[in-house]
Amino acid sequence: GPHCSVPYKCPYSAHCTKDNVALNYPVGKLPRISPNKLLQLEKLNVEEINDIPADFALNAMQARVRECVVRGEDWVSDGLAGALANITYPVYHLDFETFMPAVPIYAGTHPFDPVPFLYSIHRQTQAGETEHFEHLCRASDDPHRELAERLIADLGDHGSVCVYSAFE
């Protein structure tokens with residue numbers, strides 16, 4: 001169960017699972033599947049995504065994943081072609097990390113406000129070449145300005161920024 005890998009991987013996991021059959025699409029790989037849903041599937045003896053009954057309650061993303069596995073087809077958003085047509089090279093693949101202090105430590109912030117302190121960028125040219133940029137704010141003072149200034153410098157003045165989610 002989840003206790004075998006959270007918060008740390010159990011050193012005896014290989015021993016305990018040596019007789020397990022490798023699964024192609026285990027139900028635990030469904031996006032944001034709750035422990036309760038996993039327990040319900042276990043009670044139904046369902047281990048593979050493609051064996052989940054069609055009437056089993058899943059959220060929209062989980063249902064989409066199930067349908068893709070059952071049909072053996074990839075899913076492509078209707079809006080993907082239009083979004084890709086608007087890309088200008090170079091493309092900057094941006095990810096950043098935040099921390100959320102319960103007690104605000106910087107002026108103008110509130111409890112649990114996300115405070116960015118690190119970013120990573122992969123710059124991709126039209127030829128497919130990539131270059132990596134990163135910045136980690138190490139000072140104890142408010143990192144907002146330092147991070148923003150370095151980010152602007154690394155992104156330059158042309159190209160598209162690609163992010164994993166709206167959070168970035």
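Of the GluC sites (Glu not before Pro) in the stretch 116-166, the ones in a loop by DSSP (not H, G, I, E or B) with at most 12 other beta carbons within 10 Å are GLU129.
Ranking VAL161, TYR25, LEU80 by how far each Cα lies toward the positive end of the dipole of the chain (charges on Cβ) leaves TYR25 at the top. From its DSSP helices (H runs of at least four residues, each -39,500 (n - 2.57)), the chain gives a residue-normalised ellipticity at 222 nm of -7000 deg cm²/dmol.
Find, among the GluC sites (Glu not before Pro) in the stretch 11-103, those assigned to loop by DSSP (not H, G, I, E, B) with at most 13 other beta-carbon atoms within 10 angstrom. Numbers along the way, then the final one.
Details: sites: GLU42, GLU47, GLU48, GLU67, GLU73, GLU97; in loops: GLU47, GLU73.
Here the sparse-neighbourhood loop sites are GLU73.
How much length is gained on full extension from TYR89 to GLU149, taking 0.36 nm per residue of separation minus their Cα-Cα distance? Write out the running numbers ahead of the final one.
Values: separation 60, 0.36 × 60 = 21.60 nm, distance 2.15 nm.
My answer for the length gained is 19.4 nm.
Sites listed here are chymotrypsin sites (Phe, Trp or Tyr not before Pro) in the stretch 61-151 whose DSSP assignment is loop and whose Cβ has at most 14 other Cβ atoms within 10 Å: TRP75, TYR106, PHE112.
The stretch between ARG138 and ASP157, if pulled fully straight at 0.36 nm per residue, gains 4.2 nm over its current Cα-Cα span.
For LYS43, the lysines whose Cα falls under 20 Å of its own Cα, not counting residues fewer than eight places away in the same chain, are LYS29. Distance distribution P(r), the chain, all Cα-Cα pairs, bin width 5 angstrom from 0: 1, 6, 11, 12, 10, 12, 14, 14, 11, 6, 2, 0 percent.
The spacing between the stretch 1-48 and the stretch 120-168, judged by their C-alpha centroids, is 36 Å.
Measuring spread by the Cα atoms of the stretch 94-164 yields a radius of gyration and Dmax of 14.2, 47 Å. In order along the stretch 93-103, the phi-based Karplus estimate (6.51 cos²θ - 1.76 cosθ + 1.60, θ = phi - 60°) of 3J(HN,Hα) comes to 8, 10, 9, 9, 10, 10, 10, 10, x, 5, 9 Hz; Gly and Pro are listed as x.
Computed from the coordinates by the stated procedures, all read-outs in this text should not be read as laboratory data. Quantities reported herein were computed from a predicted structural model and do not represent experimental measurements. Cβ sites come from the backbone with ideal geometry, for glycine too, and all protein chains shown count toward neighbours.
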